Amino acid sequence: MFVLMETEHSAQFWDTMYDIFAGKWAGIAIIAMFLFSLICQIKVKTTFSKYNKVYTTNRATAAQVARQILDMNGLFHVQIMRVAGNLTDHYDPRTNIVALSESTFDNPTVGAIGVAAHECGHAIQHATGYTPIKIRQAIYPAVSFCSSLWIWVLVIGSVLEMLSLIYVAIAFYLIVVIFQLVTLPVEFNASNRAINTLGSNMILTTDELKGAKKTLSAAAMTYVASFLMSFLQLLRLLLSARGRRR
């Protein structure tokens with residue numbers, strides 16, 4: 001009797017979830033998440049723009065600080081390169097290059113140095129074998145395959161009304177969501193490493209450090225928004241597939 005009651009309650013729960021996320025409230029939920037994601041994107045741009053106008057006391061450029069951080073961690077082989085664009089900064093583990101955008105490279109500002117230190121944090125993660133980034137690397141080939149294929153499998157499964165194929169598409173999309181989930185600790189850890197390094201080595205003053213932290217916190221929220229949006233989409237796909245079985 002207990003098991004039967006649990007099953008009935010479970011069915012009611014999933015029916016309610018279906019109504020919310022795959023039914024009449026789906027549009028509202030998606031719009032809300034889209035707006036949240038848009039706000040996060042605007043926030044990171046405005047925050048970076050603000051603190052990229054605040055010059056540091058020592059006037060060292062972001063590229064110079066990046067070189068200092070890398071050398072302090074024994075990463076003499078990691079190169080620093082200028083790349084085109086605004087906020088296109090990244091670390092490429094295949095070439096061991098910290099790529100700093102035009103808005104970052106030569107700037108002796110709080111925002112630019114925060115971003116540069118963050119990318120150096122990724123280089124340090126790779127060098128020290130940080131577990132989440134190893135997991136992220138391991139599943140990247142599968143993510144690259146699944147991210148471009150899942151939607152086509154879903155469309156074909158929907159047109160042919162093949163539920164098994166729809167579940168294959170959902171499994172592909174689940175891998176993408178897992179990748180985004182693993183990305184969260186990677187990004188937060190890189191930011192924490194950046195702030196700790198800039199503070200403990202007195203590269204930035206206390207007030208300057210606050211600005212760098214706000215810049216990196218705003219950037220981190222874009223990853224949170226991206227994950228939540230993808231998770232909501234995954235939930236909708238699961239509940240929609242379940243609805244087909246009604």
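Each reported figure results from applying straightforward, stated rules to the coordinates on display, with no laboratory input. The structure displayed is predicted, hence computed values, not measured ones. All Cβ positions, glycine included, derive from the backbone under ideal geometry; neighbour counts span all protein chains shown.
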If I fit a long axis through the Cα atoms of helix 110-128 and take the longest principal axis of the Cα atoms of the chain, what angle between them do I get, 0 to 90°, rounded to 10?
70
How large is the Kirkwood hydrodynamic radius of the stretch 2-244, in angstrom, based on all distinct alpha carbon pairs?
20.1
Fully extended, how many nm does the chain gain between Met72 and Leu163 (0.36 nm per residue separation, minus their Cα-Cα distance)?
27.3 nm
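Just want the ordering: Val168, Val153, Val115, from fewest to most Cβ atoms lying within 10 Å of their own Cβ.
Val168, Val153, Val115
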Cβ density ranking, 10 Å radius, fewest first, applied to Phe76, Phe105 yields Phe76, Phe105
Of Glu187, Glu102, Glu161, Glu119, how do they rank once you tally other Cβ atoms within 10 Å and put the fewest first?
Glu161, Glu102, Glu187, Glu119
Hey, got the dipole for the chain? About the Cα centre, +1 on K and R Cβ, -1 on D and E Cβ, debye to the nearest 20?
240
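Explain nothing, just the number: relative contact order of the chain, from Cα pairs under 8 Å at least 6 residues apart, as a whole percent.
Relative CO of the chain lands at 25 percent.
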Long-range HN-HN contacts of Asn52 with modeled amide H, under 5 Å
Gly111
For the stretch 37-178, the charge dipole (Cβ of Lys, Arg +1; Cβ of Asp, Glu -1; about the Cα centre) points to a positive end, and the Cα of Cys146, Ile113, Thr57 closest to that extreme belongs to Thr57
